[in-house]
Amino acid sequence: MNRPMFDQRHTEADALPVDDPRPRPPRSLSQVMRELAAREKGDVTVRCIRNALADRSFATFLVFTCVINMLPFPPGSTVVLGVPIVLVALQMVAGRDTVWLPEFFLRRSMSQKGFAKMTRRVIPLLEKLETLIRPRYWPFANHRTAERAIGLYALVLGVAVILPVPFGNWLPAFACAICGLALSERDGIWLWIGVVTGLLSILIIFGVVLTAGAFALHWMGH
């Protein structure tokens, strides 16, 4: 069954003749989310989103799982929502060809109203990043090597997202999303921006944990 296209903006892919042998570029994550928000009339499940991203790589799945953790959910939500980042990263390190997510996570859903609200927050940020990221200064000669190396770093950031540190989850999720976008477009500059941001986020988490530990010891001493 053919899916209707809700984004009427003309793209380079739309301009290609029908018999043009060149492969059509995959849709951007922002475009996929815009189409889903316009198409779905009921609850939007993770399975729906995964199926909509079927033409994209692990990098896009990584970005999507990170974006979820950047939203203003109640404190402690990332203990659960951060798990898919770890799962996707592990599969990247293992060199899998397709993304697997557990059934309980695929069944998780968001109301159409909630999903539309989420996309209004996220799409402008994604579109801005997508215009800035382009192929340049890519340090890897082999895509599988790049996927595994970035997957390993994303695994560390994913664990940082899961840690129940107050206000310590947004920055590692953001850094991981940048790395995923950089991987999708082979942008070496943004890859290093993501790496540095990730390192900064880990240092902040360590600082918060050490400060809290020192305060607790001081309080117990009195």
Hey, residue 153 open to solvent by less than 50 Å² (accessible area, probe 1.4 Å) and either in contact (Cβ under 8 Å) with a residue 24 or more places away in the chain or touching a strand residue (DSSP E or B) at 6+ places or on another chain (Cβ under 7 Å) (or both) or not: yes
Do you know which residues across segment 84-127 are of a type outside the set (D, E, K, R) and open to solvent by 90 Å² or more (accessible area, probe 1.4 Å)? 100, 104
Looking at segment 128-142, I want the residues that are open to solvent by less than 70 Å² (accessible area, probe 1.4 Å) and have a partner that is part of a loop (DSSP other than H, G, I, E, B) with Cβ atoms under 9 Å, at least 6 apart or on another chain. Which pairs are those? 130/28; 136/186; 138/186; 140/186
For segment 56-63, state whether one or more residues are modelled with pLDDT of 75 or more, polar (S, T, N, Q), buried (at least 20 other Cβ atoms within 10 Å of the Cβ) and under 21 Å from residue 132 (Cβ atoms). yes
Do any residues in segment 189-218 that are open to solvent by 70 Å² or more (accessible area, probe 1.4 Å) and part of a helix (DSSP H, G or I) have Cβ atoms under 7 Å from those of residues that are among the hydrophobic types (A, V, I, L, M, F, W, C) and at pLDDT below 90, where the two are at least six apart or on different chains, and which pairs are they? 209/165
Scan segment 190-201 for residues that are over 18 Å from residue 126 (Cβ atoms) and under 18 Å from the mean Cα position of the chain (by Cα) and jot them down. 192, 195, 196, 198, 199, 201
Candidate set: segment 27-50, residues that are touching a residue at least 40 places away in the same chain (Cβ under 8 Å) and of a type in the set (Asp, Glu); chosen: the one surrounded by the fewest Cβ atoms within 10 Å (Cβ to Cβ): 43
I'd like the full set of residues that are more than 17 Å from residue 131 (Cβ to Cβ) and among the aromatic types (Phe, Trp, Tyr), limited to segment 141-199. 153, 167, 170, 174, 192
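The values are calculated or read from the model by the stated rules, or taken from the named source; none is laboratory data. For clarity, every value in this text was computed on a predicted model and none was experimentally measured. Glycine gets a Cβ as well: all are built from the backbone with ideal geometry, and neighbour counts include every protein chain shown. In case anyone asks, the SASA skips ligands and DNA or RNA and just uses the protein heavy atoms, side chains included. Shrake-Rupley method; radii C 1.70, N 1.55, O 1.52, S 1.80 Å.
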